[in-house]
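Heads up, the thing below is written out as structure tokens.
The values are calculated or read from the model by the stated rules, or taken from the named source; none is laboratory data. The structure displayed is predicted, hence computed values, not measured ones. Glycine also receives a Cβ, built like all others from the backbone with ideal geometry; neighbour counts cover every protein chain displayed. Ligands, DNA and RNA are stripped out before the accessible areas are found, and what is left, the full protein with its side chains, is counted by its heavy atoms. Shrake-Rupley method; radii C 1.70, N 1.55, O 1.52, S 1.80 Å.
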Amino acid sequence: MRWFLVFCVVSTAVGENVTQVTEDGARDIVFDYHSMPALSELDDFDICLKRSDAVYCIVDFELLEDETPLYQFIKNFSSSSYKNYKHTKLHRGVCGSQKCGLNLTHVNDIDTIAVVLRDCFNATIHQGYGLQVDSLSVRYCKTQDDRLPTDALDYVIGAILLIVLFVNLGCSAYYFFWPAEKGQGNKFMLAFCVQKNWKALKYGGSADGGIFKCFQALRFYTMVMILGLHSMIFIGYGYTENPEFIEKSYDDFFKSLLFNARVIVQIFFVMGGFLMAYKMLMYAETHPFTFRTIPMAIVNRWLRLMPAVLVVMGLAMTWVPHLGSGPMWDAVVKRERDICRSNWWQLVILMPNLFPFEHLCLPQAWYLGTDTQLFLITLVVLLVIWRWPKSGIPVLSGVMAISLLIPFLQSYFMDLMPIRVSIFPESIRDIFGYNDTFYHAYVSAQSNWAGYHLGVLTAYFYHRAQAEKWNFRNSILFKLLFLISIPIGLGTVLMGWDLHHRRASAFESAIFNALNQNFFALAICVFIVGCFYKCNKIYVGAVEWGPLQPLGRLSYCAMLLHATILRTYGGQMRRSFYATDYTAIMLFAGIVCTTFLCSLPLHLFVEAPACQLQKILLSPRRPQKEPENNNVNQIKPGISNVSVSTVSTHI
């Protein structure tokens with residue numbers, strides 16, 4: 001019986017994981033994860049604001065550093081910043097009127113609110129954990145009558161969007177009742193005909209068949225994987241009830257893949273570089289290719305990209321903030337409204353990646369700035385090798401070396417972290433603000449130049465292959481390279497899996513940042529050429545499956561919309577989100593479906609009509625010069641009518 005009692009006592013002590021007895025009889029406290037105060041909590045928003053005098057506040061506060069065992073445990077746990085949150089900084093959505101005695105007289109005095117809430121939290125934290133609050137900041141407070149008023153800009157943007165909608169519906173109705181004969185009809189009205197744009201979405205244009213059919217599926221696959229990464233970032237940023245789900249994900253082999261899934265953006269850069277170079281080389285066969293071509297190409301690109309950007313940005317800064325409410329609504333939805341109203345011009349000039357990431361309107365559109373800068377650099381490079389054909393290989397090789405050397409030197413001398421590690425929990429909470437690695441090694445043009453240039457090299461190589469009539473379909477070596485391109489691409493995602501658990505040296509970080517994503521880009525280049533020559537039925541079938549083609553054409557709109565959809569979903573959540581594998585998968589699936597459903601009207605009513613108008617206004621009536629067959633770089637195109645509106649990958 002005595003041994004049974006001893007066993008019960010020991011079991012209880014181990015199970016509770018609170019104390020242990022040393023040989024001299026002293027009692028040492030043993031802490032675990034749940035000994036710490038909750039990282040974030042949200043009081044019920046609706047119940048709080050049922051009272052007319054209620055005040056609901058979103059606050060962040062720091063714990064006072066002291067020598068207590070619990071604080072030292074929290075400090076040591078938070079020191080593993082590559083995979084753990086900073087648990088000395090806590091986040092609360094509190095019903096201040098119910099728990100801390102706030103009332104409507106305090107609403108306009110943030111300093112007073114901060115003092116009252118600091119004393120309130122100091123009492124509860126000290127009572128529950130023996131800790132104290134050092135400093136507290138109030139993001140904002142909400143009351144029952146707190147509503148965002150409509151203003152003149154709301155009505156102006158709303159009127160413009162209604163005009164666009166009615167023009168589409170009017171032109172569609174006209175051609176529904178009085179259908180045009182084939183090849184006839186007003187071109188400008190047909191551009192807004194939904195039936196015509198729907199047919200083009202389903203079946204594509206002349207450029208969507210043949211060799212470039214694989215690009216649409218690659219766009220869709222890439223966009224889906226990006227949505228998976230951003231769903232995890234959403235969980236990491238929001239008021240998640242169990243933040244250990246994110247922290248343990250860095251130790252989970254499969255979940256950790258998502259945190260290096262940012263390399264998949266290189267698919268867009270490779271395709272963008274390939275299509276830009278291939279199209280320009282073909283264009284130069286029948287048109288003068290001079291420095292005057294550069295401003296024309298810039299205008300063409302701006303007109304292609306901007307209409308959908310302006311619509312999404314206009315909605316984000318006007319009507320989307322009126323669609324809901326919630327404890328985090330001001331932090332994620334109204335915040336984007338305010339940023340877009342002040343920094344809209346950064347997107348209009350297509351240079352958003354040159355500005356602090358945490359202050360970007362539609363931060364997901366950083367890609368447009370990076371791609372535009374690489375587009376301009378490549379235009380100059382192509383002009384040089386077109387004017388002096390013998391310089392082609394030396395110039396392209398030199399650019400490749402420079403594009404690899406710059407990120408290496410930048411990472412080494414700026415002591416940047418490996419890019420994979422830049423997506424750590426506390427950085428996610430700060431929306432990657434003040435994260436030099438994310439800014440310089442991820443969204444900058446120089447860090448993505450090598451992947452874009454590999455696409456250019458692939459276009460140059462394929463251009464020559466067509467001229468020399470090389471047939472890689474009969475090459476056993478190339479078939480093998482094509483076969484292993486996907487495993488190699490997956491292997492690059494696995495690279496650096498252990499970097500979240502140790503600190504890499506400056507040299508190791510520089511090597512990783514210079515080569516990791518570019519190995520992936522090189523594998524994608526081989527895959528694309530293999531698809532052109534149809535070297536493997538399984539691979540080719542996976543990217544030429546019919547239903548994927550229209551989904552790929554919606555990917556640009558999906559890129560622009562998905563972050564706003566995630567923001568509105570997170571902003572209206574009334575309670576903390578409890579994350580599990582199942583809820584994460586459901587969140588991911590819901591975001592993918594909702595994003596592509598919302599992308600459909602944006603494409604049919606805005607993007608597709610804009611592309612048609614662009615072709616009408618900018619397409620030349622006749623070639624301005626005949627092809628010169630004596631130029632080694634000039635070939636007869638393997639596919640005709642490559643249209644920027646149908647195969648462009650400027651996402």
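Between Rg and the Kirkwood Rh of the range 137-284, both from Cα atoms, what is the Rg to Rh ratio?
Rg divided by Rh gives 1.12.
Return the loop-located chymotrypsin sites (Phe, Trp or Tyr not before Pro) in the range 274-315 (DSSP other than H, G, I, E, B) with at most 11 other Cβ atoms within 10 Å of their own Cβ; answer none if there are none.
Loop-located and lightly packed - Phe291.
Accessible area, 1.4 Å probe, largest first: how do Arg473, Arg502, Arg464 sort?
In descending accessible area the options line up as Arg473, Arg502, Arg464.
Hey, how much of the P(r) for the range 473-545 falls beyond 21 Å, as a percent of Cα pairs?
38 percent
Under 17 Å from the Cα of Lys248, which aspartates and glutamates turn up, not counting those fewer than eight places away in the same chain?
Reachable aspartates and glutamates: Asp32, Glu426, Asp498, Asp581.
More than 14 Å apart: what percent of Cα pairs in the range 467-514 qualify?
Across the range 467-514, Cα pairs with separations above 14 Å total 67 percent.
Give me the three principal axis extents of the range 312-438 from the C-alpha atoms, as integers in angstrom, largest value leading.
Sorted largest first, the three principal extents are 62, 33, 17 Å.
Using the alpha-carbon atoms, what tilt in degrees (0 to 90, nearest 10) does helix 335-348 show relative to the longest principal axis of the chain?
Around 30 degrees separate the two axes.
Using 5 Å bins from zero, what percent of all Cα-Cα pairs in the range 435-477 falls into each bin?
6, 19, 14, 15, 13, 9, 9, 8, 6, 2
May I ask you to list the lysines whose Cα is less than 28 Å away from that of Lys534, ignoring any residue fewer than eight positions away on the same chain?
Qualifying lysines at Cα under 28 Å: Lys199, Lys202, Lys213, Lys279, Lys469, Lys479, Lys636.
Evaluate 2.2 N^0.38 Å with N set to the residue count of the range 279-321, then give the Cα radius of gyration divided by it.
So the range 279-321 has a normalised radius of gyration of 1.76.
When Rg is the radius of gyration of the Cα atoms in the range 31-118 and Rh is its Kirkwood radius, what does Rg/Rh come to?
Expressed as Rg/Rh, it is 1.07.
To one decimal place, what Kirkwood hydrodynamic radius in Å is obtained for the range 481-628 from all pairs of distinct Cα atoms?
That comes to 20.1 Å for the range 481-628.
Order Val30, Val443 by their accessible area, 1.4 angstrom probe, all chains in place, largest first.
Val30, Val443
Could you order Arg301, Arg139 so the one with the most accessible surface comes first? Probe is 1.4 Å.
So, going from the largest accessible area down, we get Arg139, Arg301.
For the range 99-158, what ratio Rg/Rh do Cα atoms give with a Kirkwood hydrodynamic radius?
Looking at the range 99-158, the ratio lands at 1.21.
With N set to the residue count of the range 417-545, report its C-alpha Rg divided by 2.2 N^0.38 Å to two decimal places.
Relative to the rule-of-thumb radius for its length, the range 417-545 sits at 1.28.
Can you give the Kirkwood hydrodynamic radius for the range 210-340, in Å, rounded to one decimal and based on Cα pairs?
Evaluated on the range 210-340, it is 18.8 Å.
Cut-off under 18 Å on the C-alpha distance; same-chain residues fewer than 8 positions from Lys334 excluded. Which lysines are left, in chain and number order?
Lys142
Could you work out how far the C-alpha centroid of the range 44-120 sits from that of the range 582-614, in angstrom?
37 Å
Could you give the dipole magnitude of the chain about its Cα centre, charging the beta-carbon of Lys and Arg +1 and that of Asp and Glu -1, in debye to the nearest 20?
Computed about the Cα centre, the dipole is about 3660 debye.
Could you list the square roots of 5 times each eigenvalue of the Cα gyration tensor of the range 358-498, that is, the equivalent ellipsoid semi-axes, sorted largest first and rounded to whole Å?
Largest first, the range 358-498 gives 32, 21, 14 Å.
Lys/Arg Cβ at +1, Asp/Glu Cβ at -1, dipole of the chain taken about the Cα centre: which of Val299, Tyr533, Phe215 is farthest positive-ward?
Selected residue: Tyr533.
Please report the orientation-averaged projected area of the range 323-371, defined via the convex hull of its C-alpha atoms, in nm².
3.5 nm²
Divide by every residue of the chain the summed helix terms, -39500 (n - 2.57) for each DSSP H run of at least 4, and state the resulting mean residue ellipticity at 222 nm, rounded to the nearest 500 deg cm²/dmol.
When only DSSP H runs of four or more count, the value is -19000 deg cm²/dmol.
For the range 160-242, just the Cα set please: Rg and Dmax, both in angstrom.
Looking at the range 160-242, its Cα Rg and Dmax stand at 19.8, 62 Å.
Mean projection of the alpha-carbon convex hull of the range 69-183 over all orientations, in nm²?
Mean shadow area of the hull around the Cα atoms is 15.6 nm².
What longest region of the chain stays clear of GluC sites (Glu not before Pro) that DSSP places outside H, G, I, E and B and that have at most 13 other Cβ atoms within 10 Å?
Longest gap between qualifying sites, sites excluded: 182-627.
If you line up the Cα atoms of the range 379-434 on their principal axes, what length do they span on each, largest first, in Å?
51, 21, 15
In degrees between 0 and 90, to the nearest 10, how far off the longest principal axis of the chain does helix 581-602 point, with axes built from Cα atoms?
Taking Cα atoms only, the helix is inclined about 40 degrees.
For the chain, just the Cα atoms, rotate onto the principal axes and tell me the three extents in Å, largest first.
On the principal axes, the chain reaches 96, 58, 47 Å in Cα extent.
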